[in-house]
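Note sheet for the following structure.
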Amino acid sequence: MCALLGMDFNMPVFAGFSFREFGRWSEENADGWGLAWYPDRSASLIKEPVKWRSSPHMQFLNTYQQNSSRIYIAHVRHRTIGGTPTHADTHPFLRECNGRDYTFAHNGTILQAETVLPVERFRPMGGTDSERLFCHLLGKLEATGQLPLETEDHWRKLHDTLRELNRFGKLNCLFSDGERLFCYRDINGWKSLMAHRLALHGDGSQPFEDPNVKIQVAGKALQFGTVIATHPLNEKGWSPLHPGELLVLQGGQPRFSCHPAMA
């Protein structure tokens, strides 16, 4: 099955550390990989319908330290719906709406997507349920006045919308507007979505628990953030999101959380 990775920091960081570890999952998710990040308000996206470890982009992304961002979304894919892997079917997906770039990656399967996920303004380019889910979600948020997703009221409505869509299948997803990272875990607890808080000091290479997995930090200011992953990247410091939880990260830390157990 697919695997997700998301990161939100208070300042731009070079993130080669997590992708070295995350890339190991590509042996079980060999139908594509993708990475979205925000050098500024606009998003950059690289994706290919091949194994992560088979890609010539891998070495570049793991070593090009000028590539920095506060927010990253990565995905490795094992297709459950669709034919031969294509670039169009590979996550993450990107759409512009009202001057913002929105990026999205999904882990799961929405059944009968063409029936339950009507689309209008935003149209899928590929044949996956995941891209159709993104187009439907973004269209619904725009039509109901929830964009941009800047207030707690908007986040609660987003949570309600994701829970409603979750009725049609399995849904773990990462979603960003370039300012915030939205993380949603399947309401039935399918698979997992884990969070890890991280604080970094100084410049140079800093250990991330496992000494083989490092991040290089530019600058001398204190930097901190949160890493979200389908599976823990190492053995310590990870906590699961609740089933049905929406976690909103901004500036490297949680801004909002809502899940059914809180009711």
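The values are calculated or read from the model by the stated rules, or taken from the named source; none is laboratory data. Everything numeric in this text was worked out from a predicted model, so none of it was measured. Glycine gets a Cβ as well: all are built from the backbone with ideal geometry, and neighbour counts include every protein chain shown. These area figures cover heavy atoms from the full protein model, side chains too; ligands, DNA and RNA do not enter into them. Shrake-Rupley method; radii C 1.70, N 1.55, O 1.52, S 1.80 Å.
Number of residues in region 139-149 that are exposed (fewer than 13 other Cβ atoms within 10 Å of the Cβ) and outside any helix (DSSP H, G or I): the value is 2. What are the residues in region 81-130 that are at pLDDT 95 or above, open to solvent by less than 40 Å² (accessible area, probe 1.4 Å), in a strand (DSSP E or B) and of a type outside the set (Val, Ile, Thr), if any? Result: 93, 95, 97, 100, 101, 102, 104, 105, 106.
Tell me yes or no: at least one residue of region 183-192 is closer than 24 Å to residue 40 by Cβ and modelled with pLDDT of 95 or more. Within region 183-192, one or more residues are closer than 24 Å to residue 40 by Cβ and modelled with pLDDT of 95 or more.
Return yes or no: is residue 111 touching a helix residue (DSSP H, G or I) at 6+ places or on another chain (Cβ under 9 Å), hydrophobic (A, V, I, L, M, F, W, C) and within 21 Å of residue 194 (Cα to Cα)?
No; evaluated as a whole, the condition is false for this residue.
Of all residues in region 229-263, those being assigned to a loop (DSSP other than H, G, I, E, B) and either touching a residue at least 12 places away in the same chain (Cβ under 8 Å) or of a type in the set (Asp, Glu) (or both) number 16.
When the residues of region 154-195 are filtered to those that are in a loop (DSSP other than H, G, I, E, B) and touching a Leu at 6+ places or on another chain (Cβ under 7 Å), which remaining residue is farthest from residue 6 (Cα to Cα)? In this case the residue turns out to be 168.
Among the residues of region 204-237, those identified as under 20 Å from the mean Cα position of the chain (by Cα), surrounded by 18 or more Cβ atoms within 10 Å (Cβ to Cβ) and modelled with pLDDT of 50 or more are 225, 226, 227, 228, 229, 230, 232, 233.
Residues that are modelled with pLDDT of 90 or more and open to solvent by less than 60 Å² (accessible area, probe 1.4 Å) occur at least once in region 60-70.
Scanning region 116-152 for residues that are closer than 17 Å to residue 165 by Cα, of a type in the set (Asp, Glu) and under 19 Å from the mean Cα position of the chain (by Cα) yields a count of 2. The criterion of being part of a strand (DSSP E or B), modelled with pLDDT of 90 or more and buried (at least 16 other Cβ atoms within 10 Å of the Cβ) does not hold for residue 75. Checking the stated criteria, residue 158 turns out to be crowded, with 19+ Cβ neighbours inside 10 Å, under 20 Å from the mean Cα position of the chain (by Cα) and in contact (Cβ under 8 Å) with a residue 60 or more places away in the chain.
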